[in-house]
1. Asp199 fails exactly one of the following numbered conditions: (1) over 21 Å from Cys57 (Cα atoms); (2) crowded, with 16+ Cβ neighbours inside 10 Å. What is the number of that condition?
2. Just need a number here: residues in the range 118-143 that are in contact with a helix residue (DSSP H, G or I) (Cβ under 9 Å, 6 or more places away or on another chain), farther than 15 Å from Glu43 by Cβ and not aliphatic (A, V, I, L, M).
3. Search the range 246-280 for residues being of a type in the set (A, V, I, L, M, F, W, C) and over 19 Å from Leu219 (Cα atoms), and hand back the single one that is surrounded by the most Cβ atoms within 10 Å (Cβ to Cβ).
4. Of Tyr261, Tyr294, which residue is modelled with pLDDT of 95 or more and either in contact with a Leu (Cβ under 9 Å, 6 or more places away or on another chain) or of a type in the set (Gly, Ala, Ser) (or both)?
5. Taking the options Leu182, Leu169, Leu117, Leu126, name whichever one is surrounded by fewer than 24 Cβ atoms within 10 Å (Cβ to Cβ), assigned to a helix (DSSP H, G or I) and within 21 Å of the chain's Cα centre (by Cα).
6. Within the range 389-419, count every residue that is farther than 23 Å from Arg376 by Cβ and of a type in the set (D, E, K, R).
7. Quick test of your reading of the structure: Leu232 fulfils all but one of (1) under 30 Å from Ser289 (Cα atoms); (2) in contact with a helix residue (DSSP H, G or I) (Cβ under 7 Å, 6 or more places away or on another chain); (3) modelled with pLDDT under 95. Name the failing condition by number.
8. Anything in the range 312-337 that is part of a helix (DSSP H, G or I), hydrophobic (A, V, I, L, M, F, W, C) and at pLDDT below 95? List them, or say none.
Amino acid sequence: MLPAALRKCRAGPVRCLSGMACRDSGCPVPGDREEVPGLQREEASLYVHWPYCLRRCSYCNFNKYISRSVNHVAMATCLQRETETLLRLSRVSRITSVFFGGGTPSLAPPSTIAAVLETVARHAGLQDDAEVTLEVNPTPVGVAKLEDFHQAGVNRFSIGVQSLRDEDLRILGRDHNSQHALRTLEEAQRLCPGHVSVDVIFGRPGQSVESWERELEELLLVCDDHVSLYQLTLERGTHLFKQVQSGQLSVPSEDITAHMYESARGILGKRGFLQYEVSNFARHGAVSSHNLGYWKAGQYLGVGPGAHGRFVPRGEGGVWREARTQTLEPDVWMREVQRWGHGTRRRVELIPAALLEEVLVMGLRLTEGISHQHWRRFSPGLELEQLLGCAELQELQERGLLILDTRGLRCSWEGLAVLDSLLPPLLLELLTHTRARSEPGELTTG
């Protein structure tokens with residue numbers, strides 16, 4: 001079985017600004033905890049969610065809305081204001097990367113992208129070489145605006161190709177065809193050579209291992225230096241889910257999709273692409289620094305309807321990281337931002353055990369895994385050797401699925417493909433240790 005990590009995720013994962021009432025009766029109140037030294041709380045990445053699309057893909061359950069009359073002026077103003085508010089609340093002095101996702105952010109005016117980046121530069125440090133990524137729907141409208149987006153400050157494009165088979169694109173409900181995708185890739189690489197990523201979905205209705213291998217080989221002839229592979233997931237409530245449930249369409253079995261994944265890993269490796277995460281492959285060092293921030297448990301601010309964030313609200317005296325979610329519905333979100341300066345709908349203080357779970361789950365997605373030094377930043381009282389002390393986890397090591405050595409903890413090549421099955425015993429053992437080590441100072445947050 002393939003790991004759930006192969007499904008595309010968003011950061012993408014309350015209001016208690018000074019002097020403002022919180023709408024969540026369960027909102028935690030910061031206590032008299034000391035801030036942990038040595039953790040880089042002055043820096044974070046930024047995720048900006050553009051919620052609008054022209055149409056909904058048949059498989060998609062992301063927070064997106066179909067609207068023909070977007071108030072672009074209001075949207076841009078609110079994105080800027082929420083960015084400013086969260087920067088002030090977090091007291092972040094340096095943004096390391098920015099990612100515009102959605103929805104379809106390539107439908108936004110380039111001026112909106114520029115305005116958000118200008119706000120970041122004005123209220124926090126944004127280096128000239130900071131990675132700024134824009135997700136692009138490869139339609140004629142999208143490709144026509146690429147140069148303007150580049151001028152606005154975007155230096156990396158993530159192209160949602162998904163497939164080079166027009167019939168499959170129709171089944172997926174995409175509003176582009178293969179020729180549109182190829183043209184978009186060509187233009188994006190002209191503007192940002194070496195900094196163009198391609199998203200592709202496998203396990204599509206009617207797809208075989210052989211047809212998938214041929215398609216991937218074709219894609220690698222025209223793509224740049226980064227590829228993201230995602231297994232098609234049937235999300236309840238989507239049109240595609242209903243089609244499969246009713247028998248109109250059928251998708252490959254788990255054994256076949258597992259074969260597709262393993263085959264793709266081999267093909268990409270032969271083409272010079274190194275796998276650095278469950279779903280992501282890069283050559284010539286073209287990894288996504290923004291996504292690395294998520295996987296390495298860095299702080300990130302989430303701006304826009306439905307965006308998720310993880311940061312310490314130092315501006316109101318907080319010393320523990322919080323998981324924050326912004327209001328989903330765009331019009332409601334805009335009203336809240338106009339009134340309060342932000343539209344945070346939910347906030348949860350991440351106690352040490354919860355933060356360690358994220359460090360473990362996200363870190364093991366990486367082929368390099370979790371170094372001892374990185375783990376100790378979040379858990380000075382619990383070593384990785386102690387975490388893997390139970391018989392079940394030792395058996396996983398003996399089977400060659402988990403590796404614990406002087407470098408740290410990581411999955412083997414075979415283990416990465418079955419990550420979902422490795423996580424439950426790890427998380428159970430972590431829970432056992434964190435319950436036993438709940439004394440102040442044993443576990444820390446950042």
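The values are calculated or read from the model by the stated rules, or taken from the named source; none is laboratory data. What you see is a predicted model, and the numbers here were worked out from it, not measured in a lab. Quick reminder, even Gly has a Cβ in these numbers, built from the backbone with ideal geometry, and neighbours come from all protein chains shown.
1. Here Asp199 clears every test but (1).
2. As a first pass, look at the range 118-143 and keep what is in contact with a helix residue (DSSP H, G or I) (Cβ under 9 Å, 6 or more places away or on another chain): 118-120, 122-124, 126, 130-143.
Checking which are farther than 15 Å from Glu43 by Cβ leaves us with 118-119, 122, 132-143.
With the extra rule that they be not aliphatic (A, V, I, L, M), the set shrinks to 118-119, 122, 133, 135, 137-140, 142.
Count: 10.
3. Step one: filter the range 246-280 for residues of a type in the set (A, V, I, L, M, F, W, C), giving 249, 251, 256, 258, 260, 264, 267-268, 273-274, 278.
Adding the requirement that they be over 19 Å from Leu219 (Cα atoms) leaves 249, 251, 256, 258, 278.
Details: Leu249: 16, Val251: 19, Ile256: 16, Ala258: 17, Val278: 24.
By that ranking, first place goes to Val278.
4. Numbers: Tyr294 fails: either in contact with a Leu (Cβ under 9 Å, 6 or more places away or on another chain) or of a type in the set (Gly, Ala, Ser) (or both).
Result of the check over Tyr261, Tyr294: Tyr261.
5. Working: Leu182 fails: within 21 Å of the chain's Cα centre (by Cα); Leu169 fails: within 21 Å of the chain's Cα centre (by Cα); Leu126 fails: assigned to a helix (DSSP H, G or I).
After applying the criteria, what remains is Leu117.
6. Counting residues in the range 389-419 that are farther than 23 Å from Arg376 by Cβ and of a type in the set (D, E, K, R) gives 5.
7. (2)
8. First pass over the range 312-337, keeping only residues part of a helix (DSSP H, G or I): 314-316, 330-337.
From what's left, hydrophobic (A, V, I, L, M, F, W, C): 332-334, 337.
Matches in the range 312-337: none.
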